[in-house]
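Peer 1: Pasting in a structure now, in C-alpha cells, and then I'll have a few things to ask.
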Amino acid sequence: MRKRFFLILLLTCLVLVFTSASANSWNLKGKLLQAMIKTHDWDDYYLLGNQADPFAVMQSRYHHALFFVDDLERLHVYTAAVYQPDDKREAPSLMLLDQDLYMSYGKNEQYVFRSWTEDGEYLLYSATIGDFQLLSNWGNEEDGVTYYWANEKDSTAIWWGNVRLSGFNIKLLPHSIEEVRNMNLMQAQLDSSLQCLGFVTGTGDVFSVDQPGELLKVSKKGTTAVYSAPYGKSAWRAGKGKAAAGLNGDIWLLSQYRNEEGQSYACIRYNVSGRTQRIGYALCKDLGLPEITDWHPDEPLTGFAHVDVEAITDTWLTDDPDVSQYQQFKVPKGTQFSCMGLYNDYYAYVAAEVKNDKFVDGGAIVWGFVPIRDLKPMEQEKQPEAMSKLVGKWKLEAGGSLADDYLVFNSDGTFTAGMWDWEQDTPERVENAARSSGAWYVTKYNPFMNLYWNKPPYQLTLIYNNGRVIIRGLEITDEGFSLTNDEGGGGYITATDEDVMLTEDHG
C-alpha cells in the first residue's frame, strides 16, 4: 500500500513536471501562458522575440503569428500582422506603454496600436516605415480613427481608414505616398462595391480572423467540393483540383450567389490547417441551405461590380486574404482583371480565367483576391463636351452630400471646393486648400459596371491635392447636375461668388 502511494505520488510529480516543461517550451508567462495551456493547437510553437503580456509573436518552422489574450481570456491569433519566415526578418520587439502596443522591426520600422474597445479591439495609431509615416487623427474613444495622414519626406497625403489589429496587414499597409494615392483611387472607384462579399451580420464590420462570418451548422456528413467561383467544374479548384470542406468542421458563410444557370452557391470560409484558410464556393444544397429565389445581380447592393483594372506591378492572387495569403497564382505586371469589388482595406476581389497556372482567355474561371495597392482602374477617355457644361460654380441643392457642398470647376481641369476664406495666409488655409482643391474630369459610364443605382451616362472624378479621391455617377440636367452612388444622390445648381466664397487664385 505504501509503495502504491509513493508510485502515485511519483507519477503525479512527473505529470506536473512534464506539464510545466511543456508550458515553458513556449517561453511564456501570465494569462497568455494560461490560454495556451487550455488548447493543444499551438503546442509546437515558441516565443519569437519578447513577450509584452498579453501579447507575443510566436513561431513554428513555417509560420509566425501575433498572439493576444483579451480581458475575457479569449485567445486571438493574427498571422497577417507580422512578417513570415520566408521574409527573413529579425525578431520583432514588443512593448506595452500606457496600454499602447509598440511593435518594432529594427530601428526603422515601428507600429503603435491603441486600445479602443472593451472587447479587446486595438486600432493602428501610427506606423513608421523608414522615411514613410502614417499618423491617425485619433478622436474620442467612441470614434477612434477615421483617417491617417501619410508623410514621406516633403510629401503628404490622406488615407481614409480605420485599421484594426484584428485586420492589420503588415505587408499590404501602404509603404509610400504613391501607394496611398493609388489605393485611394481604387477605393473611390469601387466605393459602391465595398465589402463585396458582405459584412459581419449586425455590425457592418469587414470580415476578419476574429469575425470570419456566420458559422453554419451542417447536419450532413462527408465533404463538399469547393470551387473558386460559383460555376462548378467550369471554375478553377484549389488543392490540385480537390479542394473540399469537411461538413463536420467549422464552415463560415460569407454570402450567396446564383449563377446564370440558376444554380445556388454559398461563398464560404473554412480552415485548411492552423495557419491556412480558404474562401470559395460550395453548392447551397450541399450545406443544407435553401435555393436562392430573390436575386438581382444587376443592382449594386446585390450583384458584383464589373470594373476593368490592371496590375501595375508583379503581384499575386490568393484565396486566403485574412490568414496565410498563400499565392495561388503569380500575377505579372499588366495583367487585366474584372474587379468585382473590395473585400477589405487591402484586397480587391477579381475575376479572370486560367490555364496551366497562366491567365488566359478561355480557361477555367477563377475568382480571387489581389492586393489593392497593386491594381489601378483602366484609363477611360475624358469627355470634353460634358466637362464644358460643368465649368462654373455650383452648390448642393438637395439630397445627400456625395461630394463637397460647394464646387468650382475650372476650364483647365482644376477645381476648388468648400467654404474657406482663401485670402487668409495661414497654416489652416494651406491645409484647407490642399483638402479642397485638385484636378477633375468626366468619363463615360458603362451600366455594366454596376456601380450606381440610376445608371447615369457619365462618371465624375475628383482627385484632391491631398490624395483624397471622390468618384460618383454623373447626370447633367437643365438646372445643373446630380451625383449618385449605389443607393443615394445629390443635386447641384448654379452658385454665386458670395455662395462659394472662393477666389480663382486658390494656390
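The values are calculated or read from the model by the stated rules, or taken from the named source; none is laboratory data. On a predicted model such as this, the values are computed, not experimentally measured, just so you know. With ideal geometry, Cβ positions are generated from the backbone for all residues, glycine too; neighbour counts draw on all protein chains shown. Remember, those area values only see protein heavy atoms, side chains included, never the ligands or the DNA or RNA. Shrake-Rupley method; radii C 1.70, N 1.55, O 1.52, S 1.80 Å.
Peer 1: What net charge do the residues around G334 carry, taking every other residue with its C-beta under 14 Å from that of G334, with Lys and Arg at +1 and Asp and Glu at -1?
Peer 2: -1
Peer 1: Quick one: pull the percent of accessible area on the chain belonging to carbon and sulfur, 1.4 Å probe, ligands and nucleic acids left out.
Peer 2: 50
Peer 1: Right, another one. Cβ under 13 Å from G239's Cβ, G239 left aside: what net charge do those residues give with Lys, Arg +1 and Asp, Glu -1?
Peer 2: Summing Lys and Arg as +1 and Asp and Glu as -1 gives +2.
Peer 1: Next question. Shape call for segment 46-177 from the C-alpha gyration tensor, a ≥ b ≥ c root eigenvalues: rounded (a/c under 1.5), prolate (a/b greater than b/c) or oblate?
Peer 2: oblate
Peer 1: Would you mind counting up the charge near G262? Only other residues with Cβ under 15 Å from its Cβ, with Lys and Arg at +1 and Asp and Glu at -1.
Peer 2: So the environment of G262 carries a net charge of -2.
Peer 1: 5 Å is the cut-off here: which amide hydrogens, built 1.01 Å from N in the peptide plane, fall below it relative to F329, excluding neighbours closer than 5 in sequence?
Peer 2: Excluding prolines and chain starts, which carry no amide H, the hits are L317.
Peer 1: Right, here's the next one. Using only Cα atoms, locate the centre of segment 93-150 and the centre of segment 201-215, then give the distance between them in Å, rounded to an integer.
Peer 2: Going from one Cα centre to the other spans 22 Å.
Peer 1: Do any GluC sites (Glu not before Pro) in segment 355-385 lie in a loop, going by DSSP, with at most 15 other beta-carbon atoms within 10 Å of their beta carbon, and if so which?
Peer 2: Working: sites: E379, E381, E385; in loops: E379, E381.
Passing sites in segment 355-385 are E379, E381.
Peer 1: In debye, nearest 20: dipole of segment 177-280 around its Cα centre with unit charges on the Cβ of K, R (+) and D, E (-)?
Peer 2: Here the size comes out at about 740 debye.
Peer 1: On to the next question. For the peptides 250-263, 180-193, 109-122, what is the packing order when you average, over each peptide's residues, the other Cβ atoms within 10 Å and list the highest mean first?
Peer 2: 180-193, 109-122, 250-263
Peer 1: Rounded to the nearest 500, what is the chain's calculated 222 nm mean residue ellipticity when only DSSP H runs of at least 4 contribute -39500 (n - 2.57) each, over all residues?
Peer 2: Roughly -4000 deg cm²/dmol at 222 nm, from the helical runs in the chain.
Peer 1: Let me ask you something else. How much accessible area per residue does segment 188-235 have, counting only protein heavy atoms and a probe of 1.4 Å, in square angstrom? The partial results should precede the final answer.
Peer 2: On the way: 2440 Å² over 48 residues.
Accessible surface, normalised per residue, equals 51 Å².
Peer 1: Before anything else, pin down the relative contact order of the chain: Cα pairs under 8 Å, at least 6 apart, normalised by residue count, whole percent.
Peer 2: Reported relative contact order: 9 percent.
Peer 1: In degrees between 0 and 90, to the nearest 10, how far off the longest principal axis of the chain does helix 177-189 point, with axes built from Cα atoms?
Peer 2: Long axis of 177-189 versus the principal axis of the chain: about 80 degrees.
Peer 1: Still on this structure, I have one more. List the trypsin sites (Lys or Arg not before Pro) within segment 40-106 that DSSP assigns to loop and that have no more than 13 neighbouring Cβ atoms inside 10 Å. Write down the numbers at each step before the final one.
Peer 2: Details: sites: R61, R74, K88, R89; in loops: R61, R74, K88, R89.
In loop regions of segment 40-106 (DSSP not H, G, I, E or B), the sparsely surrounded trypsin sites (Lys or Arg not before Pro) are R61, R74, K88.
Peer 1: Helix 2-24 sits at what angle to the longest principal axis of the chain, using alpha carbons and giving 0 to 90 degrees rounded to 10?
Peer 2: Between the helix axis and the principal axis of the chain, the angle is about 20 degrees.
Peer 1: When the Debye formula is applied to the Cα atoms of the chain, each taken as the same point scatterer, what base-10 log of I(q)/I(0) results at q = 0.05, 0.06, 0.10 Å⁻¹?
Peer 2: Per q value, in the given order, log10 I(q)/I(0) is -0.24, -0.34, -0.88.
Peer 1: I need the phi-derived Karplus couplings for segment 77-94: 6.51 cos²θ - 1.76 cosθ + 1.60, θ = phi - 60°, integer Hz, Gly and Pro marked x.
Peer 2: Each residue of segment 77-94 in turn: 10, 10, 6, 5, 6, 9, 6, 9, x, 5, 6, 6, 9, 5, 5, x, 10, 10 Hz.
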